[in-house]
1. When the residues of the range 75-89 are narrowed to those that are among the hydroxyl-bearing types (S, T, Y) and closer than 20 Å to A51 by Cα, which ends up surrounded by the most Cβ atoms within 10 Å (Cβ to Cβ)?
2. Go through the range 7-35 and count every residue that is exposed (fewer than 13 other Cβ atoms within 10 Å of the Cβ) and touching a Leu at 6+ places or on another chain (Cβ under 8 Å).
3. Condition (residue is modelled with pLDDT of 90 or more, among the basic types (K, R) and over 23 Å from A127 (Cβ atoms)) applied to the range 80-96: is it met by at least one residue?
4. Does the range 44-63 include one or more residues that are at pLDDT below 90 and of a type in the set (D, E, K, R)?
5. Confirm whether V57 is farther than 24 Å from S35 by Cβ and surrounded by 12 or more Cβ atoms within 10 Å (Cβ to Cβ).
6. Would you mention how many residues in the range 14-45 are aliphatic (A, V, I, L, M), assigned to a loop (DSSP other than H, G, I, E, B) and within 21 Å of T88 (Cβ to Cβ)?
7. Going by the conditions given, is G53 in contact (Cβ under 8 Å) with a residue 60 or more places away in the chain and closer than 16 Å to A19 by Cβ?
Amino acid sequence: MSADTLCWTDIPVVNLERAIKFYSAVLGREVGRRSEGGFEYGLLPHAEQNASGCLCVAADSAGVANRPSQTGPLIYLSVDGRLDAAVTAAAANGGKVLEERQQIGPHGYRAIIVDSEGNRLALHASAA
């Protein structure tokens, strides 16, 4: 059994190519484009069985449309060692910075951005 509480996330996007470019720049690692069973998505980089997620355009299996949003759960993406570069990349690739880097107590630092598709996300680094 995994100790991670968060195991996967689907990040809704409007334009898959634009979103792959945005997330590749912000994360500093390539987001891989995948196609399985007629479903195309961008697989976020991760190691082995670590928690991850994908960028997806399609509706979920119940037919409910997933839409980019600035409300609802706040997903934190790790950009350890490159928080400032990630914030710069977000702004340079169609995103918007809502909150610049700030310390979050003993938990490190975060910046809150809006991605190229309209989703609000946090970028996290454990040290300045």
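The values are calculated or read from the model by the stated rules, or taken from the named source; none is laboratory data. Since we're looking at a predicted model, the values are computed, not measured. Quick reminder, even Gly has a Cβ in these numbers, built from the backbone with ideal geometry, and neighbours come from all protein chains shown.
1. At the first step, the residues of the range 75-89 found to be among the hydroxyl-bearing types (S, T, Y) are 76, 78, 88.
Checking which are closer than 20 Å to A51 by Cα leaves us with 76, 78.
Details: Y76: 15, S78: 17.
Among those that are among the hydroxyl-bearing types (S, T, Y) and closer than 20 Å to A51 by Cα, it is S78.
2. Summing the residues that are exposed (fewer than 13 other Cβ atoms within 10 Å of the Cβ) and touching a Leu at 6+ places or on another chain (Cβ under 8 Å) in the range 7-35 gives 1.
3. Going through the range 80-96, the residues modelled with pLDDT of 90 or more turn out to be 80-96.
So of that shortlist, the ones also among the basic types (K, R) come out as 82, 96.
With the extra rule that they be over 23 Å from A127 (Cβ atoms), the set shrinks to 96.
Within the range 80-96, one or more residues are modelled with pLDDT of 90 or more, among the basic types (K, R) and over 23 Å from A127 (Cβ atoms).
4. yes
5. Numbers: farther than 24 Å from S35 by Cβ: no; surrounded by 12 or more Cβ atoms within 10 Å (Cβ to Cβ): yes.
Against the criterion (farther than 24 Å from S35 by Cβ and surrounded by 12 or more Cβ atoms within 10 Å (Cβ to Cβ)), V57 does not qualify.
6. Step one: of the range 14-45, the residues aliphatic (A, V, I, L, M) are 14, 16, 19-20, 25-27, 31, 43-44.
From the residues that got through so far, the ones that are assigned to a loop (DSSP other than H, G, I, E, B) too are 14, 31, 44.
Still in the list and also within 21 Å of T88 (Cβ to Cβ): 31, 44.
Counting residues in the range 14-45 that are aliphatic (A, V, I, L, M), assigned to a loop (DSSP other than H, G, I, E, B) and within 21 Å of T88 (Cβ to Cβ) gives 2.
7. Details: in contact (Cβ under 8 Å) with a residue 60 or more places away in the chain: no; closer than 16 Å to A19 by Cβ: yes.
Spelling it out, it is not the case that G53 is in contact (Cβ under 8 Å) with a residue 60 or more places away in the chain and closer than 16 Å to A19 by Cβ.
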